[in-house]
Amino acid sequence: MGIVLDKDMDEARQGEAISMDSSKGGKKLYLESYGCAMNFSDSEVVASIMTNQGFSTTQDSEEADVVLINTCSIRENAEQRIRNRLTQFNKAKRQRPGMVIGILGCMAERLKKNLLEEEKLVDLVAGPDSYRDLPGLISEVEGGQKAVNVLLSRDETYADINPVRLDKNGVTGFVSITRGCDNMCSFCVVPFTRGRERSRDPHTIVQECAALFNAGYREVTLLGQNVDSYRWNMTSKGDIKDETKPTTNFAELLVMVAGVHPELRIRFSTSHPKDMTDDVLYAIANHKNICNYIHLPVQSGNSDILKKMNRGYTREWYMNRIDAIKRIIPDCGISTDIISGFCGETIEEHQDTLSIMREVEYDSAYMYKYSERPKTLAERKYEDNIPEDEKQRRLEEIIELQHGHSLKIHKAQIGQIQEVLVEKESRRSSEQLMGRTDKNHKVIFDRKDAKIGDYVMVKITDCNKASLRGEIV
Ligand code: SAM
Ligand code: SF4
């Protein structure tokens, strides 16, 4: 099984392709993953299910018996990229007609049988809650049928599956804590593709983090579309909500995971401004190994647009949360997501986005043009009426402003000594290493005696808008 991951922390967060190779015999699987960290984490579950079925890996799709592509639907261009890739696989299939091509994840869930019947691009379609069924679906295809399972579940969390770790560095790992989403942001396709929100048993989360630590990992990122709505009821029936039973909330889960080991750093994504409580902030402030870093997507700085986006907060509420972060965790990295050119956004409303950026001064941001998605509330209710070139112009203004803020925040760190967890060799030179500070700033420095997985103290000597440079002290 060869696993190639386009590991974006969030779709446009383009990361390097990551692959894993296994020399086991048996049928060969090639797995490619697009989109958010949650997809990356799901691919690790898929890899585990397939390995247990005796599949081995290949990094060469052309020698694979089964090609699986784990997909993203968040914006139209993400889907287009995946269609192009499927066309390439279909060309290879002409040479090797026995090859099974399957689509997993959000695009599978959104387009269902269309991909089999109309577009004729794949043999197998499996939605995010049907990965346990993959071996059966593959057998159906091998028996001459097309296979589909896009049933969404109220309770599947894959809690008992031990993911095969695909990130080669062996230092940082993702751990899913919730699946699905119960919010209905009007622009977003996720509630349709990933189903209802459900939380995972906290003990299985702690066990997975402890296993990662024992295997040499030094950082975990807890994943959910809205980590702040994590809630587990201690009933014998798993997460069935029984309000009379004691519960675990996200702040309590953080503290449980922080207890795994003081040298295991904890990050999480994504916080939702409407739900993030002060308890979460105190958990961060009171535990050195919970990183001083919060990703708090704002989307827009204008309350009317936020209302149309159905985000559940106003600009004032959002700023109240930012003030709470700055009060409770005085030295905290903050990043965000921003959408330009949402339905009917006026120039003044766009200016409000720029002004909230100036008020907060984010360390970094993921910035997107609005992309209308079928069946969402926004598609049904509002006109996507900002011309593409105007969306682009507004996006460029947002990006330029953010770059200025990132550079300013980086420059302020020159001369400081920071603790850095070493993640990997730098892309430019094997003589240099890359790691991150507690606040999630990337630092590049000469290797000296440091090893991947070490914590080192680095004096910051230089920077640009993307990263810091430094030397080990
Ligand atoms: N659950 C997270 C939250 O509520 O912030 C976000 C998850 S979404 C996968 C990541 C980001 O993609 C969103 O924060 C939003 O900025 C962006 N996004 C989602 N739908 C979009 C759309 N239709 N067009 C443009 N950007 C979109
Ligand atoms: Fe989409 Fe909103 Fe859910 Fe995030 S919280 S996944 S943006 S619906």
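The values are calculated or read from the model by the stated rules, or taken from the named source; none is laboratory data. Because the structure is predicted, anything quoted here is derived from the model rather than measured. No Cβ is skipped: glycine too gets one built from the backbone with ideal geometry, and neighbour counts run over all protein chains shown.
Here the condition is being free of Cβ contacts under 8 Å to residues at least 12 places away in the same chain and within 16 Å of ligand 2 (Cβ to nearest atom); of 396, 400, 379, 372, it holds for 379 alone.
Take the conditions (1) in a helix (DSSP H, G or I); (2) surrounded by fewer than 14 Cβ atoms within 10 Å (Cβ to Cβ); (3) touching a Cys at 6+ places or on another chain (Cβ under 7 Å); residue 408 misses just one of them, which is (3). Within the set 24, 7, the sole residue that is modelled with pLDDT under 85, farther than 22 Å from residue 132 by Cα and more than 16 Å from ligand 2 (Cβ to nearest atom) turns out to be 7. Count of segment 301-340 residues, restricted to those that are within 25 Å of residue 439 (Cβ to Cβ) and in contact with a helix residue (DSSP H, G or I) (Cβ under 8 Å, 6 or more places away or on another chain), is 14. Does segment 344-358 contain at least one residue that is under 19 Å from the mean Cα position of the chain (by Cα) and either assigned by the TED database to the domain that holds residue 418 or within 28 Å of residue 437 (Cα to Cα) (or both)? For segment 344-358, residues under 19 Å from the mean Cα position of the chain (by Cα) and either assigned by the TED database to the domain that holds residue 418 or within 28 Å of residue 437 (Cα to Cα) (or both): absent. Within segment 309-337, the set of residues being of a type in the set (D, E, K, R) and either surrounded by 21 or more Cβ atoms within 10 Å (Cβ to Cβ) or under 22 Å from the mean Cα position of the chain (by Cα) (or both) comprises 311, 321, 337. Taken together, the criteria place residue 423 among residues that are within 22 Å of residue 215 (Cα to Cα) and surrounded by 13 or more Cβ atoms within 10 Å (Cβ to Cβ). For segment 171-195, which positions are farther than 30 Å from residue 263 by Cα and away from ligand 1 (no atom under 12 Å from the Cβ)? Scanning segment 171-195 gives a single hit, 195.
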